[in-house]
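One structure is given here, and the rest of the page talks about it.
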Amino acid sequence: MASRKLLLSLVCLVCCVSVIAEPQSPLQAPNAASPPVVSDYSVGTQSQPVSIIFDNKQTIVNPGESLNLDCGVSGDFRYCHWETGKQNAIQVQDVYDGYIEGLSKPQITKGNECGIVIDAVTIEDHGPWTCKVFVIGHTLQNSKNVTVTIKPTSPILEVARRPLIVTEGDTETISCSVAAARPRVQIHWFLGDEDITYSSRVENSLTDNMGTYKSISTLTHMFKAWHNKKPLHCIVSHYTLLSPIEDFVDVQVKYKPWGKDVRLYDIRLGDDVEAKVNFSSNPPPSDIKWGYAPSYEQVAAVLPVPGEEGRYSTEMLTLEDGSYSVILRVLGFDEMDARMSFHIKVANDIGARDFTINLSTDEAPNEPLSSGTLAAIVVVVLLVILVLLCAVYMKYNHLYCFAEKKSAKEDREANGASDTESAQAPGFVDRNKLQATSLFGKLQNGLKKSKPDVATNGTNGTTVVPAAGVPAATEGQNGKSNDEVVYAELDLAPGDKKVPAADAPRVDPSTEGTEYAHIVGVLDNQEARK
């Protein structure tokens, strides 16, 4: 037994010596210098997911302006920095500590933990900016494009000569170009005050790999006679400009004579008549002739202007801005002149145009209503119809002024009280009836003063005022009145006073402000027979 215990002791001693002599692995060393290892489980079981808060919309900024580059982190992170591709990474903490010149910490850092501020933007800051956030196990990042503007060059209208000379009806092509701008410009065309940008198309082309554009707008437009002497503007708008810049050219349109025919009415026989034809022409008119005949088809313009023939004479006046006037005078207007057709033909280097003159003794026809007047009439008619429809609707549904008036009984029933309850309630006062009684009492009081035929009750000297058309009450047998008398107590004092109940003590008639009137109730014939 003792030898067995000794053997077990030796085995335990050998095992202990072998464990002590075994070398320790690096993972078991308490003072190992290797970094700690985070297990996949600890990464995948974080209490809160980490995300980046970032707006990646393009930002446009002028040189010299400050720019906020916002970048926020939701959750725990280690550190963050910005990259531009043109310089080393910008450590956000270095910016916050003031180690990087030209960059500063934003005023608000909640939700903007990795944001920075460029104090004064330069051309070198143009391009993409990327915010990188380092968290346990991976990196979050997002980018935005920063466009640092370049002021556009002056626009140039590309025309052969100035002023621009065009012919009526011809289609002209004109270009306006801006050599450089960042971002691209907006080009608009105006002819006088008329916006004709719809007749143009724009081509934008990059001049470098930094986003600088050259823009060319081409206008294709057909000019009319009324465009003569109007300026053609090429207007450029850009982010850097407080007001647009432009180039313009004056336009001269060559066109044949242009104007309107003349019609005169209400001419009296025997009067001298003067008809004036106004027109414009560019170039000036080179030939003007006139003629007359019984019909327009027979008129031959062969008489020169100015000229004279019998009772007819013509004259030409030169006005301003390429305008002219031809005057036809008729002495002693007669019926033959009313049946005559007059014709004036004006020509220049571009073409010729005919004008007619109509002289009549008839009354002037009514001019048709303008579109604006018609629109106003239609609006008024629609409003009237709408008002009528609303009135019909309100009357049908008994709304507003068309609502049916409710009786006092219906009002009480609507308020939850019946006639029986009102009559049985102690101290109940129907204010509507009280007001009516008060008015009736005043009326009766006036009748007492104005009518002499009143009856007096001999028992107590009470004055009884009979109703209209009813004889005064008379005493019957046993000293009783044949008619039934109803007494009403009226309180004429101002204010909302309480009316005493039936069992309340009676008020002294001599009390100031209280007046008594006696209302006679008349029985119908059937009740009188009873």
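Which value, in debye to the nearest 20, describes the size of the charge dipole of segment 159-255 about its Cα centre when Lys and Arg Cβ atoms bear +1, Asp and Glu Cβ atoms bear -1, and nothing else is charged?
Taking the Cα centre of segment 159-255 as origin, the dipole is about 140 debye.
Just going by the charge dipole of segment 328-385, with Lys and Arg at +1 and Asp and Glu at -1 on Cβ, which of 348, 373, 361 is farthest out on the positive end?
348
So, for segment 287-378, what is the accessible surface per residue at a probe of 1.4 Å, expressed in square angstrom?
58 Å²
Suppose a student asked you for the relative contact order of segment 302-370, using Cα pairs under 8 Å spaced at least 6 residues apart; what percent would you report?
18 percent
The values are calculated or read from the model by the stated rules, or taken from the named source; none is laboratory data. These numbers were taken from a predicted model, which means no experiment stands behind them. As a convention, Cβ positions derive from the backbone with ideal geometry for all residues, glycine included, and neighbour counts pool all protein chains shown. What goes into the accessible areas is simple: the full protein's heavy atoms, side chains included, and nothing from ligands, DNA or RNA. Shrake-Rupley method; radii C 1.70, N 1.55, O 1.52, S 1.80 Å.
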